[in-house]
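Participant: Sharing a structure, written as structure tokens. Questions coming.
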Amino acid sequence: MSQAGLPEQFDVIVHPARELRGEVRAQPSKNYTTRYLLAAALTSGETRVVGAATSDDAAAMLRCLREWGAGVERVGDDAVIRGFGARPRAGMTLNPGNAGAVARFLMGVAALTDGTTFVTDHPDSLGRRPQGDLLDALERLGARVSSQAGRLPVTISGPVRGGVVEVSAERSSQYASALMFLGPLLPEGLDLRLTGQIKSHAPLRQTLETLETFGIQARACEDLSRIHLPGGQTYRPGRVTVPGDYPGSAAILTAAALLPGEVRVSNLREHDLQGEREAVAVLREMGAEIVREGDTLTVRGGGPLRAVTRDGDGFTDAVQALSAAAALAQGETTWENVATLRLKECDRISDTRAELQRLGLEVRETDDSLSITGTSTIAGNVTADGHGDHRMIMLLTLLGLRAAAPLRITGAEHIRKSYPAFFAHLQALGARFEFEERRG
Ligand SMILES: O=C(O)C1=C[C@@H](OP(=O)(O)O)[C@@H](O)[C@H](O)C1
Ligand SMILES: C=C(OP(=O)(O)O)C(=O)O
């Protein structure tokens, strides 16, 4: 179900729900869509990406690849890409919207061009996110780089030959992933040394898996601190199928755990490298009843939940959704090792604390952790700020479903970044929303 009828900019009013019941099919994975579309463009042939996401981030990737010279066609649910190989068009200005992964991956590949400029129409979100660690690595490889103190707008010009290069993986794994897409196309390949405390291992493994799917050889050591990408390789075109999305589905599974009823979410394969798959284990540890049959998870919700303490780095994009469970669990839940959450679409530690406190919750933060003490009642009748962040909107929506009175969330259109059908999926399960157009 799409939300084609929704205004361009809107607030959502979330009505309390008595129960959720029914089945939804998990939307296509954000992280695999980005990777498959880019890898397809790096081939010299035609690739069909079956079931590609229709989110703003997917659209941003397709738009940039088209500007760079790829053939891009939407055929039903699929995307058919004719690649530009190792030769993206020079002199282009690309706008990756608000998509961090898209921006970073393309900035790596931009070292193949005589000059590519990156701008964003989201200066308050992507425009504030740091790019310096990637830009430093590209400069060390010989690329010419200019930026606004390590932020967009950025211009990158190659050529680079490759070799040994260090890249910090402490603030984001996306910098290393960017170089992993680039390395195989360089004459000398890349010997990546990941420095700092490596964060978000799961997406790095998704990048390695994608390279393998497209016929690229790569060798990585167990802890991913060294990744060797032989040079002079070619990406192999073909047909790839995007799996279901765990980060977005974590929000549906959490909603289902929080309310009475029975919800089935299909298209979530058991063996999958998305770290947010762990959300299922976390919800179970909190007391939720979740049963898996093949690719389908069934949640029987409404039972009591209890607090947990977990390292959140393995499932970074599910921390917001799981924070809704924490807000209604007995005891204090702590997400540890989540400093990178400060560098996402908003500051997902401080801004989450502020919004939860507005709803009456007790919340503490440190540099790299977030602790939430659960409550049994959320009053509602409040306007909460979506902070232009799709995952904040998901968290607030779940709390609204369990509040005693309606909850308004501002800027709810930002849900389209990763999960355009989010409200439609919850409506199909029985939730009730009002969408109020906002102008200007
Ligand atoms: O590689 C990717 O596709 C992503 C990596 C993660 O970012 P960090 O590595 O910055 O944690 C994740 O949060 C983001 O949504 C997508
Ligand atoms: C942080 C996210 O995305 P990105 O870094 O790709 O903007 C996300 O999807 O939650």
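Participant: Go over the candidates G388, G360, G374 one by one and state the one that is surrounded by fewer than 22 Cβ atoms within 10 Å (Cβ to Cβ), under 20 Å from the mean Cα position of the chain (by Cα) and at pLDDT 95 or above. Don't jump to the end; show me each part of the working.
Facilitator: Numbers: G360 fails: under 20 Å from the mean Cα position of the chain (by Cα); G374 fails: under 20 Å from the mean Cα position of the chain (by Cα).
Matching residue, one of G388, G360, G374: G388.
Participant: Shifting gears a bit: When you check S225 against the structure, is it over 21 Å from A178 (Cα atoms) and at pLDDT 95 or above, yes or no? Lay out the reasoning, then the answer.
Facilitator: Numbers: over 21 Å from A178 (Cα atoms): no; at pLDDT 95 or above: yes.
When the stated conditions are applied, S225 does not pass them.
Participant: For segment 130-141, check the following and say yes or no: at least one residue is out of contact with any strand residue (DSSP E or B) (no Cβ under 7 Å at 6 or more places or on another chain) and over 21 Å from L343 (Cα atoms).
Facilitator: Scanning segment 130-141, I find no residue that is out of contact with any strand residue (DSSP E or B) (no Cβ under 7 Å at 6 or more places or on another chain) and over 21 Å from L343 (Cα atoms), so the answer is no.
Participant: In addition: Go through segment 290-317 and report how many residues are closer than 20 Å to S29 by Cβ and surrounded by fewer than 13 Cβ atoms within 10 Å (Cβ to Cβ).
Facilitator: So the answer is 2.
Participant: Filter segment 100-120 down to the residues that are within 16 Å of ligand 2 (Cβ to nearest atom) and touching a residue at least 60 places away in the same chain (Cβ under 8 Å) and list them by number.
Facilitator: If the condition is that a residue be within 16 Å of ligand 2 (Cβ to nearest atom) and touching a residue at least 60 places away in the same chain (Cβ under 8 Å), then G100, A101, V102, R104, F105, L106, M107, G108, V109 are the ones that fit.
Participant: Would you be able to tell me the number of residues in segment 153-195 that are within 16 Å of ligand 2 (Cβ to nearest atom), more than 21 Å from N31 (Cα to Cα) and either out of contact with any strand residue (DSSP E or B) (no Cβ under 8 Å at 6 or more places or on another chain) or without any contact (Cβ under 8 Å) to a residue 24 or more places away in the chain (or both)?
Facilitator: The number of residues fulfilling the criteria is 0.
Participant: If you don't mind, there's one more thing I want to ask. Any idea which of E336, E332 is within 23 Å of G400 (Cβ to Cβ), in the same structural domain as R18 (by TED's automatic domain parsing), surrounded by fewer than 23 Cβ atoms within 10 Å (Cβ to Cβ) and at pLDDT 95 or above? Break it down stepwise before answering.
Facilitator: On the way: E336 fails: within 23 Å of G400 (Cβ to Cβ).
Only one candidate passes the filter, namely E332.
Participant: Could you check, for segment 255-275, whether at least one of its residues is touching a helix residue (DSSP H, G or I) at 6+ places or on another chain (Cβ under 6 Å), free of Cβ contacts under 8 Å to residues at least 60 places away in the same chain and either among the aliphatic types (A, V, I, L, M) or closer than 30 Å to R161 by Cα (or both)?
Facilitator: no
Participant: Then there's this: Quickly run through segment 325-355 and pick out the residues that are among the β-branched types (V, I, T) and in contact with an Asp or Glu (Cβ under 8 Å, 6 or more places away or on another chain). Step through it out loud before you land on a result.
Facilitator: Step one: of segment 325-355, the residues among the β-branched types (V, I, T) are 333-334, 338, 340, 349, 352.
Of everything in segment 325-355, those that are among the β-branched types (V, I, T) and in contact with an Asp or Glu (Cβ under 8 Å, 6 or more places away or on another chain) turn out to be V338, T340, I349.
Participant: Please enumerate the residues belonging to segment 59-80 that are within 17 Å of V109 (Cα to Cα) and touching a helix residue (DSSP H, G or I) at 6+ places or on another chain (Cβ under 6 Å).
Facilitator: Once the filter is applied, which keeps residues that are within 17 Å of V109 (Cα to Cα) and touching a helix residue (DSSP H, G or I) at 6+ places or on another chain (Cβ under 6 Å), segment 59-80 yields A60, M61, C64, L65, A70.
Participant: If I ask for residues that are away from ligand 2 (no atom under 16 Å from the Cβ) and under 19 Å from the mean Cα position of the chain (by Cα), which ones from segment 301-317 would you list? I'd like the intermediate steps shown before the answer.
Facilitator: Let us first name the residues in segment 301-317 that are away from ligand 2 (no atom under 16 Å from the Cβ), namely 301-311.
D311, the sole residue that qualifies.
Participant: Looking at segment 298-322, I want the residues that are in the same structural domain as E345 (by TED's automatic domain parsing) and have a partner that is within 13 Å of ligand 1 (Cβ to nearest atom) and among the polar types (S, T, N, Q) with Cβ atoms under 8 Å, at least 6 apart or on another chain. Which pairs are those?
Facilitator: D311/N337; G312/N337; D313/S200; D313/N337; D313/T340; T316/S200; T316/T340
Participant: Specify the residue that is surrounded by the fewest Cβ atoms within 10 Å (Cβ to Cβ); the eligible residues are those in segment 121-130 that are within 12 Å of ligand 2 (Cβ to nearest atom) and not in a helix (DSSP H, G or I).
Facilitator: Only one residue fits best here, namely P130.
Participant: Let me ask you something else. Scan segment 108-134 for residues that are in contact with a helix residue (DSSP H, G or I) (Cβ under 8 Å, 6 or more places away or on another chain) and closer than 25 Å to I415 by Cα and jot them down.
Facilitator: F118, T120, L126, R129, P130, Q131 - these are the residues of segment 108-134 that are in contact with a helix residue (DSSP H, G or I) (Cβ under 8 Å, 6 or more places away or on another chain) and closer than 25 Å to I415 by Cα.
Participant: Counting just the residues of segment 220-245 that are closer than 22 Å to H201 by Cβ and among the small types (G, A, S), which one comes out surrounded by the fewest Cβ atoms within 10 Å (Cβ to Cβ)? Full working, then the answer.
Facilitator: Initially, segment 220-245 is screened for residues closer than 22 Å to H201 by Cβ, giving 220-229, 242-245.
Now narrow it down to the ones that are among the small types (G, A, S): 220, 225, 244.
On the way: A220: 19, S225: 14, G244: 21.
That would be S225.
Participant: Confirm whether S172 is more than 16 Å from ligand 1 (Cβ to nearest atom), over 17 Å from L37 (Cβ atoms) and not aliphatic (A, V, I, L, M). Don't jump to the end; show me each part of the working.
Facilitator: Numbers: more than 16 Å from ligand 1 (Cβ to nearest atom): no; over 17 Å from L37 (Cβ atoms): yes; not aliphatic (A, V, I, L, M): yes.
No, not satisfied.
Participant: While we're on this one: Residue by residue through segment 254-293, note down the ones that are in a helix (DSSP H, G or I), within 16 Å of R310 (Cβ to Cβ) and aliphatic (A, V, I, L, M).
Facilitator: Going through segment 254-293, the residues in a helix (DSSP H, G or I) turn out to be 254-258, 275-285.
After this cut, where a residue has to be within 16 Å of R310 (Cβ to Cβ) as well, the list is 254, 257, 275-285.
A257, A279, V280, A281, V282, L283, listed by residue number.
The values are calculated or read from the model by the stated rules, or taken from the named source; none is laboratory data. All values derive from a computational prediction rather than experimental measurement. Reconstructed Cβ throughout: ideal geometry from the backbone, glycine too, with neighbour counts over all protein chains shown.
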